[in-house]
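Report on the structure given below.
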Amino acid sequence: MPPAVAPAAPVCPACAECPQCAAPARPAETRYQQTPFSAIPGWQEATLAPGVRAFGAGCKRIAQSHPLRRACDNFPASAPADEQAARQFIEGAFSAWAVTSADGTAEGLITGYYEPVLAGSRTRTDRFRHPVYGVPEDLVAVDLESVNPELKGLRLRGRLEGNRLVPYLSRAEIEGRTAFRAPVLAWVEDPVELFFLQIQGSGQIELDSGARLRLGYGDQNGHPYRSMGRYLIQRGELALEQTSMQGIKAWATANPRKLREALDSNPSYVFFRHMPDTLDGPVGTLGAPLTAGYSIAVDTRSVPLGAPVFLATTMPLSTQPLNRLMAAQDTGGAIRGAVRADFFWGSGNEAGTLAGRMRQQGRMWILWPVGEALPRP
């Protein structure tokens, strides 16, 4: 059985470019309070079966020694389709734990992400001139945990110059080279769409034939993520309320001469890999395909990967309640904090619109197997 945690996820797979999302991460300080299901807002009215299906889809990636394994092994065949069976399974197998920050704050930021679908080509054409790179052969990644156990989860990336490991090329250096040595997986039309493809960390390329290439996160150049939204605010180009994904795309269309400098303000660069066409969705950090509307990215210092999570928030730009059983199946460099989640909306333009507009407040309850202690951050 594969381990519960797959290789590291993108530096920022999921942020709609809001400056708050790109704030420096601080250590997660989390408190958990056991809560009766009846006391969770929206629990009685929520439809649980879709969230149970999302949880079940991740069970193949849960290790035998993991506390969630028992719930996976007892997963009833009828639960994914039958609402009554789903509710009986969840309320019988799990206890609910409210997540708060160390100071007792129960609400946090809920953003959204999606899987872009870009028009493209396998070969360069007059229309499709911007390469989507695979992982370059000269990129060296070192898991620092192998050097010092206290550095668990940290990875150093660079390239060799002689016998020295030096920082890898920045975005500006990669884009500025006429012969950057990396496999080209596809060619796309719009550098801004490519930029957001890298931020999301996965996507699809739709060819003229109608066929699609599915791309997943391959690796990253090791440079820190910098928010283009923050850059544009500091330059007086956009106001805070305009720094949604849609607002930044509109600015780019109106300011083509300033675009290259704005793109290069983020030195981070994501490389991709081909994914099987048979997958139902992009693969998250857990190693399982994400489920549109029922998978979230979390800070694993506060929320265990693979766990069901009940999320109480609101629809984008709305006060309409969005109370839903989710599965914590992904992570992201911008997802930091005790009560912090990124909601996966699915694939394509409609999902992108919802993701780009989502910047809501919300509350979270971890569902953890009865009798098992929650791991402490």
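Readers should treat all values here as calculations from the given coordinates under stated rules, not as data from a laboratory. Nothing here was measured: the structure is a model prediction, and the numbers come from that model. All Cβ positions, glycine included, derive from the backbone under ideal geometry; neighbour counts span all protein chains shown.
Show me 350-363, 172-185 ranked by packing, highest mean number of other Cβ atoms within 10 Å first.
Put in order of decreasing packing, that is 350-363, 172-185.
Taking the Cα-to-Cβ direction at R177 and at K258 and moving 7 Å from each Cα, how far apart do the two end points lie in nm?
3.0 nm
Ranked from highest to lowest mean number of other Cβ atoms within 10 Å per residue, what is the order of the peptides 334-344, 364-374?
Descending packing order for the listed peptides: 334-344, 364-374.
First check a/c for the stretch 115-274, with a ≥ b ≥ c the square roots of the eigenvalues of its C-alpha gyration tensor; if it is under 1.5, answer rounded, and if not, answer prolate when a/b is larger than b/c or oblate otherwise.
Taking the square roots of the gyration eigenvalues as a ≥ b ≥ c, the stretch 115-274 is oblate.
Can you figure out the FRET efficiency of A211 with R129, using R₀ = 35 Å and their beta-carbon distance, to the nearest 0.05?
0.95
Using each residue's phi in the stretch 170-179, evaluate 6.51 cos²θ - 1.76 cosθ + 1.60 at θ = phi - 60° and report the 3J(HN,Hα) Karplus result to the nearest Hz, with x for Gly and Pro.
Karplus values, whole Hz, x for Gly and Pro: 7, 4, 4, 5, 5, 5, x, 8, 6, 9.
Figure the gain on full extension for R122 and D138 (residue separation times 0.36 nm, minus the Cα-Cα span) and round it to one decimal in nm. Please report the intermediate quantities before stating the final value.
Working: separation 16, 0.36 × 16 = 5.76 nm, distance 2.31 nm.
Going from the current span to full extension adds 3.4 nm.
Between S38 and R226, what is the label-to-label distance in nm when each label sits 7 Å out along the Cα-to-Cβ direction?
5.6 nm
Quick one: net charge of P167's neighbours, Cβ under 12 Å, K/R +1, D/E -1? Please report the intermediate quantities before stating the final value.
Numbers: positive: R157, R159, R164; negative: E161, E173.
Net charge around P167: +1.
With r as the distance between the Cβ atoms of D277 and E45 and R0 = 45 Å, compute the FRET efficiency 1/(1 + (r/R0)^6) and round to 0.05.
So, using R0 = 45 Å, E works out to roughly 0.75.
What are the principal axis extents of the Cα atoms in the chain, in Å, biggest first?
Its Cα atoms span 60, 47, 47 Å along the three principal axes.
Which of the peptides 29-40, 216-227 is most tightly packed, and how do the rest follow, going by the mean number of other Cβ atoms within 10 Å of each residue?
Numbers: 29-40: 14.1, 216-227: 20.8.
The peptides rank, most packed first, as 216-227, 29-40.
To the nearest 0.05, what FRET efficiency results for A63 and E241 with a Förster distance of 30 Å applied to their C-beta separation? Mind dumping the intermediate values first?
Numbers: r = 44 Å, r/R0 = 1.47.
E(calc), rounded to 0.05, equals 0.10.
Whole-Hz ³J(HN,Hα) for each residue in the stretch 213-222, computed from phi via Karplus 6.51 cos²θ - 1.76 cosθ + 1.60 with θ = phi - 60°, x for glycine and proline: what do you get?
Each residue's phi maps through the Karplus curve to give 9, 9, 10, x, 4, x, 5, 9, 7, x Hz.
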